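Reviewing the structure listed below.
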Amino acid sequence: MNKNQLLWKRIVQHKTLYLLLLPLIFYYIFLRYWPIVLAWIVAFKNLQMGSGVSTSPWVGFDNFKFIVSDPEIATAFKNTVQISLLRLAVGFMPPIFLAIMFHDMTSKTLKKYAQTAVYIPYFFSWVIIYGIAFAFFSTGSGFVNNLLDMMGLPRQEFLMSTDWFRPILIIMSMWKELGWGTIIYMAALSTVDTQLYEAAIMDGAGPLKRIAHITIPSILPVVTFVLCINLGHMFYAGGEQVLLFYNKAVMDVADIIDTWVYRVGIGNMRFSLGAAVGLLQSLFGMILILASNHASKKLTGNGIW
């Protein structure tokens, strides 16, 4: 009996389980992968309102040529990479340190309240996050400006300053995402054998040595995985947050690829441009993930796969 016959025999034997699997297969094919294929097709067409994908004319690489030739795309590309690098540099390590701190806490009550306080901001929408930022940094009634006024210092246009825009953006982003990153590393730390810590304590290892020789090596595969995934999102830079926070005064340092697509593609009803940019972002992201995974396996022996 060849492999194909053996496969069909197993399918017939377990037909009930395969029937239960059909809705999941349908979900991924028609609701996940097919929209991606349609987006790839739209990237090479001139999609018009009222016309379907099949009836829209093919334009080949014209959308990509427009993207490359637009004078604003270079600024958007530069800002996207810079903001993404700032997010990675500032926001990558704090979840690791916080997870280790929670893991080593002896008071369960304090640990529970501290974790809850860190996790809650993740469930806030970016609209709420912007409202909090506005309450703190607005010129008229912002808490920080009121504090400066009480100290006899001049008020600052924090939200309209090119110098302050990115620090505020990164701080608010880190505050919101900190809890989710902590959950990931806490899950990794929960798999570490407690006997390793007990043996290290008996050998006289202090807290810092236990962290350096047990905790960090144990979660290194997860750290590598998260780093590679973050590098794969290098060309996204949090478009939803930037779209809410930016304004014309800070356009030079705030305009990223996603906001350019919103302004040029959706604003001018050139939907194919958005599909073309999305295809390029996915392509560059895949390249970065493959490259970072290869480099990580060479340097540390750990990778995504």
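The values are calculated or read from the model by the stated rules, or taken from the named source; none is laboratory data. Predicted model only: the values in this text are computed from it and were never measured. Cβ atoms come from the backbone with ideal geometry, glycine included; neighbour counts cover every protein chain shown.
Only one of (1) farther than 28 Å from residue 280 by Cα; (2) crowded, with 17+ Cβ neighbours inside 10 Å; (3) of a type in the set (Val, Ile, Thr) fails for residue 170. Which number is that?
(1)
One line per residue, one yes/no per condition, for (1) touching an Asp or Glu at 6+ places or on another chain (Cβ under 6 Å); (2) β-branched (Val, Ile, Thr); (3) over 28 Å from residue 259 (Cα atoms):
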residue	(1), (2), (3)
9	no, no, yes
12	no, yes, yes
33	no, no, no
37	no, yes, no
44	no, no, no
58	no, no, no
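Name the single residue that is farthest from residue 88 (Cα to Cα) among those in the stretch 138-178 being touching a Leu at 6+ places or on another chain (Cβ under 9 Å) and among the aliphatic types (A, V, I, L, M).
153
Considering each of 162, 191 in turn, give the residue that is without any contact (Cβ under 8 Å) to a residue 60 or more places away in the chain, part of a loop (DSSP other than H, G, I, E, B) and polar (S, T, N, Q).
Details: 162 fails: without any contact (Cβ under 8 Å) to a residue 60 or more places away in the chain.
None of the other options fit; the residue is 191.
Do you know which of the residues in the stretch 237-278 that are β-branched (Val, Ile, Thr) and under 19 Å from the mean Cα position of the chain (by Cα) is nearest to residue 174 (Cα to Cα)? Give the steps one after another, and end with the answer.
First, the residues of the stretch 237-278 that are β-branched (Val, Ile, Thr): 242, 250, 253, 256-257, 259, 261, 264, 266, 277.
Right, trim to under 19 Å from the mean Cα position of the chain (by Cα) and you get 242, 256-257, 259, 261, 277.
Details: 242: 14, 256: 19, 257: 21, 259: 20, 261: 25, 277: 26 Å.
So the residue we want is 242.
How many residues are assigned to a helix (DSSP H, G or I) and either aliphatic (A, V, I, L, M) or in contact with a Pro (Cβ under 6 Å, 6 or more places away or on another chain) (or both) if we restrict to the stretch 194-219?
11
Can you pull out every residue in the stretch 249-280 that is surrounded by fewer than 19 Cβ atoms within 10 Å (Cβ to Cβ) and of a type in the set (S, T, N, Q)?
268
Being basic (Lys, Arg) and under 30 Å from residue 279 (Cα atoms) is the filter here, so list the residues in the stretch 1-52 that pass it. Reasoning before the result, please.
Residues of the stretch 1-52 basic (Lys, Arg): 3, 9-10, 15, 32, 45.
Those that are basic (Lys, Arg) and under 30 Å from residue 279 (Cα atoms): 32, 45.
What are the residue pairs meeting all of these: first residue in the stretch 54-80, first residue touching a residue at least 12 places away in the same chain (Cβ under 8 Å), second residue aromatic (Phe, Trp, Tyr), Cβ atoms under 6 Å, and 6 or more apart or on different chains?
76/260; 80/235
How do the pairs read when you match residues in the stretch 215-227 that are on the phi > 0 side of the Ramachandran plot with residues anywhere that are modelled with pLDDT of 85 or more and not hydroxyl-bearing (Ser, Thr, Tyr), using Cβ under 9 Å and keeping only pairs 6 or more apart or on different chains?
The qualifying pairs do not exist here.
Could you tell me whether the stretch 234-255 includes any residue that is touching a Leu at 6+ places or on another chain (Cβ under 6 Å) and within 27 Å of residue 99 (Cα to Cα)?
Checking the stretch 234-255: at least one residue is touching a Leu at 6+ places or on another chain (Cβ under 6 Å) and within 27 Å of residue 99 (Cα to Cα).
Which residues, taken from the stretch 146-180, are touching a Lys or Arg at 6+ places or on another chain (Cβ under 9 Å), within 24 Å of residue 236 (Cβ to Cβ) and aliphatic (A, V, I, L, M)?
Scanning the stretch 146-180 gives 169, 170, 174.
Which count do you get for residues in the stretch 257-305 that are closer than 16 Å to residue 234 by Cα, free of Cβ contacts under 8 Å to residues at least 12 places away in the same chain and of a type in the set (S, T, N, Q)?
1
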